[in-house]
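A short write-up of the structure that comes next.
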Amino acid sequence: MRQQKITIDPITRLEGHGKILLYLDEDGGVQDAFLQIPELRGFERFCVGRRGEEMPQITERICGVCPEAHHLASAKALDDAYGAEIPEAARVQRELFYNTYIFSDHLLHLIFLGGPDLLLDEDTPKEQRNVLGVLQAYPELGKRVVQVRAGAQKVLELIGGRAIHPVFALPGGVSQPVDEEKRKELAAYVEAMTELARDMVSFFHEQVLPDPGLQALLQSPEARLPVHSMGLVDDELAPNFYHGQLRIVSCEGEEIFLGDAREGLDLIEEHSEPWTYVKFPYLKSFGWSGLEGGPGSGLYQVGPLARLNVAERMATPAAQEEFERYLDYFGQRPVQATFAYHWARLVEMVQAAEAAHMLVSHEALTGRTVRGELSAPGKGIGVIEAARGTLFHEYRLDDHGLLEHVNLVVATTHNAGPIGMSVKAMAQAAARQGDMDERLLNRVEMAFRAYDPCLACATHFLPGELPLTVEVYASDGTFLRRVGR
Amino acid sequence: MERSFGASVADTAVVGQGNPYCTDDGVGVAVARRLPSDVGENCAVWEAAQSGVYLAEKLLGFSRVLIIDGTPSLPPGEICVRPLREWEAVGGDRRGAHGMSLSQALEMLERLTSQSSSDTTAQSNCDATPSAHPKERSVGACLRRSGGACLRRSGEARSRRAGLENDQVRIPEVWALAVGIPPDPPFGEGLSPRVAAAVEAAVEEVRGWLNS
């Protein structure tokens with residue numbers, strides 16, 4: 001019998017640490033794995049009583065990874081709370097901004113964060129198995145990525161109004177129109193984005209996918225997770241990062257829900273466990289059956305893999321082409337391979353770049369009317385696809401526009417259960433092979449990294465201290481060792 | 001100053017780092033907000049709740065940067081100004097998302113962009129070194145088909161606006177102005193008394209650094 005002796009790390013600052021706990025069975029195999037990450041409830045309570053229109057600038061400071069997502073999710077919640085209709089010029093600005101963010105963020109992850117998993121052999125020495133090792137292997141690629149990302153950051157600054165922490169989105173629209181001169185400058189940066197996206201696809205198929213190590217990961221039975229998928233889709237059932245209907249598809253490919261995204265929060269409930277601050281969302285209609293997958297479980301995932309599972313097609317031509325190659329490779333829908341997250345990220349990056357290219361040429365972009373009329377304040381829900389998955393902002397405003405209630409459900413919260421399950425499966429496989437140190441840590445980190453969690457406890461391949469630790473406990477709960485860098 | 005709407009063309013940046021909705025964690029932002037609009041010639045003043053690679057990329061193109069941040073490594077209210085690397089060496093850094101310090105991120109970007117910018121050079125290197133990693137040779141081939149042209153088309157004008165010059169990236173000299181804060185600041189606004197009392201002195205340190 002296993003004792004539950006678990007110490008939860010104190011939450012320090014917002015860049016808190018993460019911990020994975022592994023419990024061994026009597027034979028030394030991994031019986032269970034749990035992921036502990038910080039929570040944000042205190043932040044929500046802090047916001048009550050404040051003016052609603054402050055929220056786009058407050059929530060974007062929740063963490064330093066997705067300010068763009070929180071900024072626009074918040075603005076959308078306020079659009080809804082004030083019953084505002086967004087002028088076309090404002091919608092195009094917001095979508096151009098947002099697709100640029102998705103492109104930029106996915107590119108960062110593909111090269112810098114998840115890149116070593118894709119681009120380097122698993123047996124590469126640990127001091128080389130980081131982004132610097134990637135640079136040695138692919139020097140010109142790294143430089144070009146930095147240049148194009150710098151251009152993408154300029155797009156975000158030019159539209160968002162600041163180099164860091166955008167200020168442009170307001171209830172009902174945006175703060176300023178885009179003139180023709182600015183449009184031309186934006187177009188130049190966006191052109192470089194689309195070129196790099198196309199070249200990244202070629203690079204992936206010529207250099208990355210043929211690697212036997214990656215093939216093994218993509219086909220690995222330990223790295224398959226049969227959970228449902230959630231994401232936003234447009235009227236053609238293609239992914240739309242900024243706006244759309246919410247679609248939920250079962251792990252067997254059946255549609256569970258397609259409808260108003262604002263109803264999403266009514267479909268989920270949260271389950272508490274004593275060993276973590278995070279609550280585990282699950283689909284209410286299925287009930288809670290533990291951290292298990294399968295068609296009867298209520299667990300679901302979000303993010304690139306999930307978005308491609310709920311989509312019937314992509315919204316842009318080159319992305320559609322790559323989507324078809326992706327589906328051909330896996331040969332089944334939905335795709336359940338955890339490491340397919342990386343490839344799905346590439347497909348989405350292509351769509352984001354192509355969408356930005358279309359939007360920067362959209363005739364409405366330079367429209368002068370950028371803010372709609374506001375009605376009396378009330379309840380509002382904003383739903384958006386952050387790079388890491390579906391993000392909900394729910395507000396209730398009083399008659400004076402002050403916040404009475406705030407509820408934020410971030411992408412990594414949705415994925416908390418699946419992340420833990422993936423980590424457990426990979427740890428069990430590594431333990432079966434007798435690897436309880438470096439290789440175990442590698443495998444656990446790889447599973448974790450595929451989801452690109454939006455918290456500071458995400459693992460990384462950069463030189464320096466790793467903020468994620470793995471603690472191993474015996475079957476009686478006795479602490480055995482800590483594995484970390 | 002960056003506070004205006006639009007792209008920055010400043011040479012120097014002062015970055016108030018931290019979360020102003022997390023009490024003393026926001027002391028860096030508080031100091032930045034106290035700076036007058038004409039604090040320095042050609043100087044941008046920013047607020048950032050980001051660090052690591054996310055912040056590092058935005059600093060490309062500046063020649064000098066001062067990061068103002070709170071740290072529990074100093075007694076509350078104490079101030080220290082030193083080069084960022086020295087500060088990080090004594091454990092005073094803020095680990096950004098994904099656990100990378102700012103100087104590590106800048107080093108990474110410097111190494112990323114210190115490779116040859118010439119497509120011809122890349123090509124000759126790939127062809128002339130049969131012992132090179134096979135993946136490297138093929139990347140060169142892939143880039144020859146399209147990527148090199150894209151690098152040239154990036155152009156000087158666009159590169160400078162994006163913080164890049166002549167396909168090279170300018171990595172700034174970075175200093176840290178650290179203000180001691182208590183550990184584990186809770187959510188909320190406002191600074192604790194000892195930290196608040198240090199803000200004006202920190203503002204004077206910023207002026208001194210800008211004039212140095």
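General remarks:
- Flag if residue A:206 is open to solvent by 30 Å² or more (accessible area, probe 1.4 Å) and on the phi < 0 side of the Ramachandran plot: yes
- Residue that is nearest to residue B:24 (Cα to Cα), among those in the stretch B:175-189 that are surrounded by 23 or more Cβ atoms within 10 Å (Cβ to Cβ) and of a type in the set (A, V, I, L, M, F, W, C): B:181
Here's the yes/no breakdown for (1) assigned to a loop (DSSP other than H, G, I, E, B); (2) more than 8 Å from chain A (Cβ to nearest Cβ); (3) within 24 Å of residue B:41 (Cα to Cα); (4) modelled with pLDDT under 90:
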{"residue": "B:76", "(1), (2), (3), (4)": "yes, yes, no, no"}
{"residue": "B:81", "(1), (2), (3), (4)": "no, yes, yes, no"}
{"residue": "B:95", "(1), (2), (3), (4)": "yes, no, no, yes"}
{"residue": "B:103", "(1), (2), (3), (4)": "no, yes, no, yes"}
{"residue": "B:123", "(1), (2), (3), (4)": "no, yes, no, yes"}
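- Test: residue in the stretch A:270-280 that is in contact with a strand residue (DSSP E or B) (Cβ under 9 Å, 6 or more places away or on another chain), surrounded by fewer than 16 Cβ atoms within 10 Å (Cβ to Cβ) and among the small types (Gly, Ala, Ser): yes
- Reported count of residues in the stretch A:281-322, each being of a type in the set (Asp, Glu) and touching a strand residue (DSSP E or B) at 6+ places or on another chain (Cβ under 9 Å), is 1.
- The residue list A:259, A:213 contains one member that is outside any loop (DSSP other than H, G, I, E, B), free of Cβ contacts under 8 Å to residues at least 24 places away in the same chain and more than 23 Å from residue A:321 (Cα to Cα), which is A:259.
- So residue A:153, is it open to solvent by 10 Å² or more (accessible area, probe 1.4 Å), in a helix (DSSP H, G or I), modelled with pLDDT of 90 or more and of a type in the set (S, T, N, Q): yes
- Restricting attention to the stretch B:190-200, the residues that are closer than 24 Å to residue B:64 by Cα and open to solvent by less than 50 Å² (accessible area, probe 1.4 Å) total 2.
- Total residues in the stretch B:52-74, condition part of a loop (DSSP other than H, G, I, E, B), under 12 Å from the mean Cα position of the chain (by Cα) and more than 9 Å from chain A (Cβ to nearest Cβ): 2
- Any hit, the stretch A:243-254, residues being charged (D, E, K, R), open to solvent by less than 30 Å² (accessible area, probe 1.4 Å) and in a strand (DSSP E or B): yes
- Of all the listed residues (A:293, A:264), the sole one being open to solvent by less than 60 Å² (accessible area, probe 1.4 Å), modelled with pLDDT of 95 or more and within 28 Å of residue A:109 (Cα to Cα) is A:264.
- Matching entry among B:49, B:10 (being at pLDDT below 90, touching a strand residue (DSSP E or B) at 6+ places or on another chain (Cβ under 9 Å) and crowded, with 24+ Cβ neighbours inside 10 Å): B:49
- Of all residues making up the stretch B:32-51, the number that are part of a loop (DSSP other than H, G, I, E, B), farther than 16 Å from residue B:209 by Cα and among the aliphatic types (A, V, I, L, M): 1
- Single match in A:234, A:211 (criterion: open to solvent by 20 Å² or more (accessible area, probe 1.4 Å) and at pLDDT 95 or above): A:234
The values are calculated or read from the model by the stated rules, or taken from the named source; none is laboratory data. Everything numeric in this text was worked out from a predicted model, so none of it was measured. Positions of Cβ are backbone-derived with ideal geometry, glycine not excepted, and every protein chain shown enters the neighbour counts. The accessibility values were calculated without ligands, DNA or RNA, using every heavy atom of the protein model including side chains. Shrake-Rupley method; radii C 1.70, N 1.55, O 1.52, S 1.80 Å.
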